[in-house]
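Values quoted throughout were computed directly from the atomic coordinates according to the rules given, and no laboratory measurement underlies them. For clarity, every value in this text was computed on a predicted model and none was experimentally measured. With ideal geometry, Cβ positions are generated from the backbone for all residues, glycine too; neighbour counts draw on all protein chains shown.
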Amino acid sequence: MSDDAPYRRILLKLSGEALMGGQEYGLESDMLHRIAGEIRAVHAQGIEIGLVIGGGNIYRGIGGASQGIERASADFMGMLATVINAIAMQNALEAAGAPTRVLSAISMREVCEPYIRRRAIRHMEKGRIVICAAGTGNPYFTTDTAAALRAAELGCDVLLKATQVDGVYSSDPLIDDGAERFEALSFHEVLARDLKVMDAAAIALSRENNIPILVFSVHNSGALDDVVHHRGRFTVINEKGEVGGK
């Protein structure tokens, strides 16, 4: 690991929507390969990386439930969408020269490995990027919660959440011009103010395991490297609600 890298092991949470680029559905090749290149650049610094990707660009479980599909079945369909995204990202990362393994919480041995915590850690120790697919493997839990769970299980130093905007706001800044942007928040403030950056279970898991969350925009080129080195625009969520605090 390079001397100026502040983290040994990170967990990156990407939304499925981030992979759509300018499309309304599915995967945009240019966006997929740009993100893969940025992940590869950070990994090349000796930082171990775990990755959780949502499936909203293909199918959202909660959306299916609202259309009459039984909620647990809809959630399992959403988990399968995350596996599609994970395999696509694996191919993009390996095309960029980064060895990668997909580990799924739902067993499908023909296409990826089963998620086993010690195996995932060993892969990272061997210099492989690990993509944790299929959420937690259980319905009623979001991929945000899966990201917080995997960050805790894998001993990650930080959870990085790549979003559509450059931090946490009091409301959606794409809709509300008066939305307030926060430089830092405590876990308690996020829960008390019901800020929608992540669901409550994910925030609670991160708080219990003292894992800070850094929220940044996936659309800013080079943002991942910047946020890893505490540069650029992002919001810190931690116990003290302070930039640089824990």
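Determine the calculated [θ] at 222 nm for the chain from helices alone, applying -39500 (n - 2.57) to every DSSP H run no shorter than 4 residues and normalising by the residue count; nearest 500 deg cm²/dmol.
-10500 deg cm²/dmol
Quick one: net charge around LEU174, please, counting Lys, Arg +1 and Asp, Glu -1 for every other residue with C-beta under 13 Å from its C-beta.
Here the count lands on -3.
Cβ under 14 Å from HIS123's Cβ, HIS123 left aside: what net charge do those residues give with Lys, Arg +1 and Asp, Glu -1? Could you put the intermediate results ahead of the total?
On the way: positive: ARG9, ARG101, ARG117, ARG118, ARG119, ARG122, LYS126, ARG128, ARG150; negative: GLU48, GLU94, GLU113, GLU125, GLU153.
Result for the neighbourhood of HIS123: +4.
Using the per-residue mean of other Cβ atoms lying within 10 Å as a proxy for protection, in what order, highest first, do the peptides 133-140, 218-225 fall? Numbers along the way, then the final one.
Working: 133-140: 21.8, 218-225: 17.1.
Ranked by mean Cβ neighbours within 10 Å, highest first: 133-140, 218-225.
Give the percent of DSSP beta bridges with both residues in region 9-238 that are antiparallel, rounded to the nearest 5.
So the antiparallel bridges in region 9-238 amount to around 15 percent.
State, as an integer percentage, the relative contact order of region 9-238 based on alpha-carbon contacts under 8 Å between residues 6 or more apart.
Rounded, it is 21 percent for region 9-238.
Check SER104: other-chain or 5+ apart residues with amide H under 5 Å from its amide H, H built from backbone geometry?
Residues meeting the amide H criterion: GLU113, TYR115, ALA133.
In the chain, what is the count of Lys pairs whose alpha carbons are under 17 Å apart, counting only pairs at least 8 residues apart or on separate chains?
Details: LYS13/LYS161; LYS13/LYS196; LYS161/LYS196; LYS161/LYS246.
The result is 4.
Quick one: compute a quarter of the convex hull surface over the Cα atoms of the chain and quote it in nm².
12.6
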